Amino acid sequence: MRIALASDHAAVELKAELRDYLVQLGHEVADLGPHNADRVDYPDYGYKLALVVADGTAEYGVALCGSGIGISIAVNRNPACRCARVSDPLSAALAREHNDANVIAMGARLIGSDMAKACLDAFLSTPFGGGRHAGRVEKLSHPQL
């Protein structure tokens, strides 16, 4: 799979660890930055990640910041992205199965490396369930205001 990762300064170390883990699993990985712990703004990296998922350059995205909340909000500004902030494998699997999430977000200050890897494994191995969920997911990208 083609997977893109982006973070803010608070999650640079976790991003590097997850990048190496995904490469070890045989995935094609794009690290969109940042590449050091200098202070940056998470919206900039969330928007960058959303663009590569939306245009198909990456099949899935991994968004990381201190809490996982801010960067997930940024990613979700793009109507082609369905970013779910998760903290355990069940929420990661349900994000795929029920919501067809194409981006997973996690908080580096809230989740350990092993749990983050378990969330990634669940996210990447769970297919979208379709069926009764399909119409709901369609509405996520086309809100009726």
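Each residue in the range 29-54 was checked for being of a type outside the set (A, V, I, L, M, F, W, C) and more than 15 Å from the chain's Cα centre (by Cα), and 6 pass. Here Ala74, Ala50 are screened, and the one residue that is outside any strand (DSSP E or B) and either within 17 Å of Ala10 (Cβ to Cβ) or among the hydroxyl-bearing types (Ser, Thr, Tyr) (or both) is Ala74.
Matching residues to (1) farther than 11 Å from Ile71 by Cβ; (2) surrounded by fewer than 16 Cβ atoms within 10 Å (Cβ to Cβ); (3) not acidic (Asp, Glu):
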| residue | (1), (2), (3) |
| --- | --- |
| Ser7 | no, no, yes |
| Glu13 | yes, yes, no |
| Asp20 | yes, yes, no |
| Val23 | yes, yes, yes |
| Val29 | yes, no, yes |
| Asn36 | yes, yes, yes |
| Arg39 | yes, yes, yes |
| Gly46 | no, no, yes |
| Leu49 | no, no, yes |
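For (1) among the small types (Gly, Ala, Ser); (2) under 30 Å from Gln144 (Cβ atoms); (3) in a helix (DSSP H, G or I), each residue gets a yes or a no:
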{"residue": "Ala10", "(1), (2), (3)": "yes, no, yes"}
{"residue": "Leu14", "(1), (2), (3)": "no, no, yes"}
{"residue": "Tyr21", "(1), (2), (3)": "no, no, yes"}
{"residue": "Gly33", "(1), (2), (3)": "yes, no, no"}
{"residue": "Pro43", "(1), (2), (3)": "no, yes, yes"}
{"residue": "Val62", "(1), (2), (3)": "no, no, no"}
{"residue": "Cys81", "(1), (2), (3)": "no, yes, no"}
{"residue": "Ser87", "(1), (2), (3)": "yes, no, no"}
{"residue": "His98", "(1), (2), (3)": "no, yes, yes"}
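Of all the numbered requirements in (1) at positive phi; (2) out of contact with any Lys or Arg (no Cβ under 9 Å at 6 or more places or on another chain); (3) touching a residue at least 40 places away in the same chain (Cβ under 8 Å), Val53 misses one, and that requirement is (1). The one condition from (1) in contact (Cβ under 8 Å) with a residue 24 or more places away in the chain; (2) surrounded by 13 or more Cβ atoms within 10 Å (Cβ to Cβ) that Ala101 does not meet is (1). Looking across the range 104-145, the residues that are among the hydrophobic types (A, V, I, L, M, F, W, C), part of a loop (DSSP other than H, G, I, E, B) and surrounded by 12 or more Cβ atoms within 10 Å (Cβ to Cβ) come down to Ala108, Leu110, Ile111, Phe128.
Read-outs throughout are calculated quantities, based only on the coordinates presented, and are distinct from any laboratory measurement. Everything numeric here is computed off the predicted structure, so don't read it as measured data. Heads up, the Cβs are rebuilt from the backbone with ideal geometry, glycines too, and the neighbour counts pull from every protein chain shown.
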